[in-house]
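Undergrad: Have a look at this one before I ask anything.
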Amino acid sequence: MDFAVQFIINVLSLGGAYALMALGLVLVYGILKLVNFAYGELIMVAGYTLHLVGGSPLPWLVMAAVAVVMAMVAGLATDYVAFRPVRAKSVTAVLITSFAFSTLLQNAALLFISPRPRSVPLPEIFSQSVMIAGTPTPMRDIITIAAAVLLLGLFAFLMQKTVLGIAMRAAATNFTMARMLGVPANLIISSAFAISGLLAGVVGILWIGRIGTVAPAIGLEPLLIAFIACVIGGMRSLQGAVLGGFLLAFIDTTLNYTLSQDLLKFRDAFTFSLVILILLWRPDGLMKGPATGQRT
Amino acid sequence: MIDVKDLHVRYGAVHAVRGVSLSVADGELVTLLGANGAGKSSSILAIAGAIKASGGSVMLDGRDMTSANPEAMLRAGVATVPETRDVFPDLTVDQNLTLGAYARRRDRKSVAEDRARMFDMFPRLAERREQAGGTLSGGEQQMLVIARALMSRPRILLLDEPSLGLAPAIVDQIFQMIADLKAQKLTILLVEQNARKALQVADRAYVLRLGEVAGSGTAREIAASTDLDALYLGG
């Protein structure tokens, strides 16, 4: 029983974080049919912002909000610097500019801050635990689950009920038709980058909250996780990204629990093998989106 | 209202539209006839701003809109229903209509009125309000995209092959609706392969052949002077 509760909480908190990461990536991909390789750096930006405002007397929640806003600004900057100037030209160009922007941000962190990990301020609650069904459970897992539920709910509301969300879904299916109905391309793309930044910012704080420090390469793992979750779930489907995130978390957690100590360091090899199996079974991912897959 | 001069469209090496000139006056219903590949749809998409014209000009009430993007064309009053229909399959009928009114979304009251009007005009859509667009039949999808285009309160409607692939009974319904819209003084540029039906509702017609205007005149003149069956075959 204790084991089951612990397992479920682990899967849900890890899965919540993975799902938010994947959603931020797939949102932009759905509309532009281009992967934003600078996505991980949005998490890095949130981390360093938290580090930099750490010395101030502001309440922690305000600091966290500033970090999330900075991640959104970095998301918008990605659009303006890496995507907009070359968007219409070629896929290869955007691939390279988004890598370049990612490297630029990482190197800025190396140069102006430090190559070594820096601590970020975290409230007491991140290191406390509560007893749930007789199992000591870290509060940060509960916070992660709560944040994921809240953000996924908000996101679902946005995409289902608001005109902006409906327009974004339409743009992901058929951008030209959406534009012929008066939906402005630049606004939709910028909104996608801003929301992507918001998700990255929140998930960045939760992610960094696990280790307590931020380093220039912190974004690499989340980018990889998000990418794999999207590939499993289906690159064209928002629900797929969420499903992929939770499934990946389930696989990772199961391996954590079952692999022996010697094998645990090869966990990623096991995870990727399973991912390959899933893709052999469903090459387009688990969920098929409505998208035509056409780039505009 | 709309004045197209010497329009050219190229797809790589293919020169699809070769100097098409046409005009549509206020309240007029003009039809663009021609065989498959005559350049009808390319002309429409170039006017709508969805593809780039490689030459020529598109004037709207004397304003040069040649290089305007599709959203600017819509805001200027040009609504387009492309041949591919392009219902958003995962959005509900209601949400598809909401998008049609995107440019005037802040005017909630009149958008709500128009939505009610569309449901009056197309009772089938009212029954399927909450259904995903992709689950509708071909005829219902055609009605939905026309209703969606009307939600923007366009000054001119570009209608590309509305009867394509539909059952004869539905085709009659669609043409009846086009006649109704004309009676309401909406300006329409209608592309059709079904030349006979199009000429019955149109004021004037242009015949395209291999990307060029091969003839133009009143609907009656064109009906009398053109071998309508040959239009299908590209003769």
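The values are calculated or read from the model by the stated rules, or taken from the named source; none is laboratory data. Quick caveat, the model's predicted, so the values are computed rather than measured. Glycine also receives a Cβ, built like all others from the backbone with ideal geometry; neighbour counts cover every protein chain displayed. Ligands, DNA and RNA are stripped out before the accessible areas are found, and what is left, the full protein with its side chains, is counted by its heavy atoms. Shrake-Rupley method; radii C 1.70, N 1.55, O 1.52, S 1.80 Å.
Undergrad: For chain B, set up a Gaussian network in which alpha carbons nearer than 10 Å are linked by springs, and say which option among B:19, B:27, B:165 fluctuates the most.
TA: Largest GNM mean-square fluctuation: B:165.
Undergrad: Placing one identical point scatterer on every Cα of region B:63-125 and ignoring solvent, what is log10 I(q)/I(0) from the Debye formula at q = 0.25 Å⁻¹?
TA: -1.24
Undergrad: Cα convex hull of region B:100-170: how many Å³ per residue?
TA: On the way: hull volume 7.4 nm³, N = 71.
Convex hull volume per residue, Cα atoms: 104 Å³.
Undergrad: Within the protein assembly as shown, what percent of beta bridges assigned by DSSP are antiparallel, to the nearest 5? The partial results should precede the final answer.
TA: Values: 28 of 46 bridges.
Counting DSSP beta bridges with both partners in the protein assembly as shown, the antiparallel share is about 60 percent.
Undergrad: From the alpha carbon gyration tensor of region B:58-97, can you work out the equivalent ellipsoid semi-axes (sqrt of 5 times each eigenvalue) and give them in Å, largest to smallest? Kindly include the intermediate steps, with their values, before the conclusion.
TA: Numbers: eigenvalues 142, 21, 13 Å².
The three semi-axes for region B:58-97 are 27, 10, 8 Å.
Undergrad: I'd like the distance between the alpha-carbon centres of region B:58-122 and region B:125-187, rounded to an integer number of Å.
TA: 13
Undergrad: Set the Förster radius R0 to 45 Å, insert the Cβ-Cβ distance between residue B:61 and residue A:100 as r into 1/(1 + (r/R0)^6), and round the FRET efficiency to 0.05.
TA: On the way: r = 45 Å, r/R0 = 0.99.
It comes to 0.50.
Undergrad: Can you give the Rg to Rh ratio of chain A, both from alpha-carbon atoms, with Rh computed by the Kirkwood formula? Don't jump to the answer; show the numbers that get you there.
TA: On the way: Rg = 19.0 Å, Rh = 19.7 Å.
Rg/Rh: 0.97.
Undergrad: Taking just the alpha carbons, could you work out the radius of gyration and Dmax for chain B, both in angstroms?
TA: Calculated on Cα positions, Rg and Dmax stand at 17.2, 51 Å.
Undergrad: Taking all pairs of different Cα atoms in region A:140-228, averaging 1/r and flipping that mean, what Kirkwood radius in angstroms comes out? Let's see the in-between values first.
TA: Values: mean 1/r = 0.0671 Å⁻¹.
Over region A:140-228, the inverse of the mean reciprocal pair distance is 14.9 Å.
Undergrad: To continue, here is another question. Take the alpha-carbon centre of region B:1-42, take the same for region A:130-200, and report the distance between them in whole Å.
TA: First find each Cα centre; the distance between them is then 42 Å.
Undergrad: I would also like to ask the following. Using the scaling law 2.2 N^0.38 Å as the reference, what is the normalised Cα Rg of region A:1-152? Before the final figure, lay out each step's value.
TA: On the way: Rg = 18.3 Å, N = 152, 2.2 N^0.38 = 14.8 Å.
Dividing the Cα radius of gyration by 2.2 N^0.38 Å gives 1.23.
Undergrad: Can I ask one more? Chains A and B: what accessible area do they bury, summed, in square angstrom to the nearest 100, with a 1.4 Å probe?
TA: Working: alone 14020 and 10930 Å², together 22940 Å².
For chain A against chain B, roughly 2000 Å² becomes buried.
Undergrad: In region B:71-209, what is the volume of the convex hull around the alpha carbon atoms, normalised per residue and reported in Å³?
TA: On the way: hull volume 16.1 nm³, N = 139.
Taking only Cα atoms, region B:71-209 has a hull volume of 116 Å³ per residue.
Undergrad: Counting only protein heavy atoms and using a 1.4 Å probe, what share of the accessible area of chain B belongs to carbon plus sulfur, as a whole percent? Let's see the in-between values first.
TA: Numbers: 4910 of 9940 Å².
Whole-percent figure for carbon plus sulfur exposure: 49.
Undergrad: Between residue A:114 and residue B:52, what is the label-to-label distance in nm when each label sits 7 Å out along the Cα-to-Cβ direction?
TA: Once both label points are built, they end up 5.0 nm from each other.
Undergrad: What order, most packed first, do the peptides A:262-269, B:32-39 have when packing is the mean number of other Cβ atoms within 10 Å of each residue? Walk me through the numbers before you get to the answer.
TA: On the way: A:262-269: 10.8, B:32-39: 22.2.
The densest-packed peptide leads the list: B:32-39, A:262-269.
Undergrad: Across the Cα atoms of region A:72-168, what radius of gyration and what greatest pairwise Cα-Cα distance (Dmax) are found, in Å?
TA: Cα radius of gyration and Dmax of region A:72-168 are 19.9, 59 Å respectively.
Undergrad: Computed on alpha carbon atoms, what radius of gyration and Dmax characterise region A:112-174, expressed in Å?
TA: Answer for region A:112-174, Rg first and Dmax second: 18.9, 51 Å.
Undergrad: Can you list the lysines whose alpha carbon sits under 20 Å from that of residue A:33, skipping same-chain ones fewer than 8 residues off?
TA: A:89, A:288
Undergrad: Calculate the FRET efficiency for residue A:224 and residue B:105 from the Cβ-Cβ distance with a Förster distance of 35 Å, rounded to the nearest 0.05. Intermediate results must be reported in sequence, preceding the final value.
TA: Details: r = 39 Å, r/R0 = 1.11.
The value I calculate is 0.35.
Undergrad: Can I ask one more? In nm, to one decimal, how far is the modelled label at residue B:164 from the one at residue A:156, with both set 7 Å along Cα→Cβ?
TA: Going from the residue B:164 label point to the residue A:156 one covers 3.7 nm.
Undergrad: Could you report the accessible area of residue A:124 in Å², rounded to 10, computed with a 1.4 Å probe on the protein chains as they sit in the structure?
TA: Its heavy atoms expose roughly 130 Å² to the probe.
Undergrad: Oh, and also: Quick one: work out Rg over Rh on the C-alpha atoms of the protein assembly as shown, Rh as Kirkwood radius.
TA: Working: Rg = 27.5 Å, Rh = 25.7 Å.
Using only Cα positions, Rg/Rh for the protein assembly as shown is 1.07.
Undergrad: For chain B, what does the helix formula give at 222 nm: sum of -39500 (n - 2.57) over DSSP H segments with n ≥ 4, over the residue count, nearest 500 deg cm²/dmol? Don't skip to the end; give the middle numbers.
TA: On the way: 10 runs with 91 residues, N = 235.
So the calculated ellipticity at 222 nm is -11000 deg cm²/dmol.
Undergrad: Take peptide A:166-178, look around each residue's Cβ out to 10 angstrom, count Cβ atoms belonging to other protein chains, and average those counts. Before the final figure, lay out the partial values.
TA: On the way: counts 9, 6, 0, 5, 9, 2, 2, 8, 6, 1, 10, 13, 6.
Per residue, the average neighbour count from other chains is 6.
Undergrad: Name the most mobile residue of B:81, B:14, B:58, meaning the one with the largest mean-square fluctuation, in a Gaussian network model of chain B with Cα contacts below 10 Å.
TA: B:14
Undergrad: Can you tell which of A:205, A:132, A:278 shows the greatest fluctuation in a Gaussian network model of chain A with Cα springs below 10 Å?
TA: Maximum fluctuation in the GNM of chain A, among the listed residues, is at A:132.
Undergrad: If you don't mind, there's one more thing I want to ask. If each residue of separation counts as 0.36 nm, what is the full-extension length gain between residue B:229 and residue B:200 once their alpha-carbon separation is subtracted?
TA: Computed gain between residue B:229 and residue B:200 is 8.9 nm.
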